[in-house]
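Everything on this sheet refers to the single structure shown next.
The values are calculated or read from the model by the stated rules, or taken from the named source; none is laboratory data. No experiment lies behind these values; they were computed from the predicted model shown. Backbone-built Cβ (ideal geometry, glycine too); neighbour counts: all protein chains shown.
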Amino acid sequence: MAKSDKTKEEILQQAFRLASVVGLEGLTIGSLAKEVGMSKSGLFAHFQSKENLQLAVLQSAADRFVKEVLGPALKVERGLPRLKALFTNWLHWHNKCAHPGGCIFVSAASEFDDQPGAIKDFLQESQNNLLASVSQVAQTAIDEGHFSNKRSSKQFAFDFFSLLLGYHHYHRLLEDPESLSCLQTAVQDLLTRYTTLAENAYETSC
């Protein structure tokens, strides 16, 4: 890796941490320059604009998510084991100390959901891709007979994602000490509901 690329990557790591605390809108060339100990002009040379900086941080975060959450889960056995691995990895992502302000995608979605432009376009595309990946993993559970083929993998992605968003709210904003156990119970209930349907379908066919 070239020195300039390494420097930019180190800057993005700091920007990622800062954005998780102050929000993506609060991330500016000036605030980041102060955080990393660089001049504003030196930092500007890397990104050229605030929007480019924000997009670079989101792309870096998306790459990290794939590397830390989705990629490892896809190496696990298809079906229910893969779904459980995805949940474990995703939960670790939410609680990771490198994200002092919580998941950057959750906060950015709240900031930019009503602001047309490049940032919202990126968020929509990345989140749609993520949900499609969750749906595909759920489909492997259907294909393997772990889930009923009468259930929708898209519906599972909706339910699964909604539980994680609810956990983020309970954990970060409400500071509910039981938020983790509530999430674990809810996810287990979700998996059991789909699994029970698969078992019932098998018993009926017999």
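Here are a few things to note about the model shown:
- Given (1) farther than 30 Å from Val187 by Cβ; (2) in a helix (DSSP H, G or I), number of the condition Glu25 does not satisfy: (2)
- Filtered by the rule that a residue be within 10 Å of Pro81 (Cβ to Cβ) and either of a type outside the set (A, V, I, L, M) or free of Cβ contacts under 8 Å to residues at least 24 places away in the same chain (or both), segment 141-150 gives Glu144, His146.
- All conditions in (1) out of contact with any Lys or Arg (no Cβ under 8 Å at 6 or more places or on another chain); (2) surrounded by 13 or more Cβ atoms within 10 Å (Cβ to Cβ); (3) at pLDDT 95 or above hold for Arg172, with the sole exception of (3).
- Residue within segment 84-102 that is touching a Gly at 6+ places or on another chain (Cβ under 6 Å) and either in contact (Cβ under 8 Å) with a residue 12 or more places away in the chain or aliphatic (A, V, I, L, M) (or both) present: no
- Candidate set from segment 72-82 (those that are part of a helix (DSSP H, G or I) and among the hydrophobic types (A, V, I, L, M, F, W, C)); member that is surrounded by the fewest Cβ atoms within 10 Å (Cβ to Cβ): Leu74
- Just one residue in the set Ala85, Ala108 is buried (at least 17 other Cβ atoms within 10 Å of the Cβ) and under 18 Å from Val21 (Cα atoms); that residue is Ala108.
- Count of residues meeting criterion [modelled with pLDDT under 95, within 13 Å of the chain's Cα centre (by Cα) and not β-branched (Val, Ile, Thr)] in segment 104-137: 4
- So Val69, is it buried (at least 18 other Cβ atoms within 10 Å of the Cβ) and either outside any loop (DSSP other than H, G, I, E, B) or free of Cβ contacts under 8 Å to residues at least 12 places away in the same chain (or both): yes
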